[in-house]
Amino acid sequence: MIVGVAMGFAVIPGIYALAEDALNGVPDSLAEGAQALGATRWQTLWRVVLPAASPGILSAVMIGAGRAVGETMIV
């Protein structure tokens, strides 16, 4: 249990930073265009922004998982 919490403290900040960069990398014009066509903020998030940022988010999760595996291989 304690090892899992410690691993979370080691891995989650990196995943968060990379996922945040992926979300900030989505052009504002995509969200603005979706809202101009009548989509709500939630529809814009789920149907436009997240699909556009999903490769970066998935990469962040994979890098975090790789780091977690790499750090546990030492033990």
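The values are calculated or read from the model by the stated rules, or taken from the named source; none is laboratory data. All figures in this text were calculated on a predicted structure; none of them were measured in a lab. For neighbour counting, all protein chains shown are included, and Cβ atoms are generated from backbone atoms with ideal geometry for every residue, glycine included.
Some points to look at:
- For the range 36-64, a residue qualifies if it is of a type in the set (S, T, N, Q) and touching a Leu at 6+ places or on another chain (Cβ under 8 Å), and exactly one does: 59.
- Filter result for residue 6 (at pLDDT below 95, over 20 Å from the mean Cα position of the chain (by Cα) and in a helix (DSSP H, G or I)): yes
- Extreme residue, nearest to residue 1 (Cα to Cα), among residues of the range 55-69 that are small (Gly, Ala, Ser) and surrounded by 12 or more Cβ atoms within 10 Å (Cβ to Cβ): 68
- If you go through the range 22-37 and keep only what is part of a helix (DSSP H, G or I) and surrounded by fewer than 14 Cβ atoms within 10 Å (Cβ to Cβ), you end up with 24, 28, 29, 32, 33, 36.
- Filter pass, residue 72 being surrounded by fewer than 14 Cβ atoms within 10 Å (Cβ to Cβ), part of a helix (DSSP H, G or I), polar (S, T, N, Q) and touching a residue at least 12 places away in the same chain (Cβ under 8 Å): yes
- Within the option set 11, 48, being surrounded by 14 or more Cβ atoms within 10 Å (Cβ to Cβ), over 10 Å from the mean Cα position of the chain (by Cα) and closer than 30 Å to residue 72 by Cα holds for one residue only, 11.
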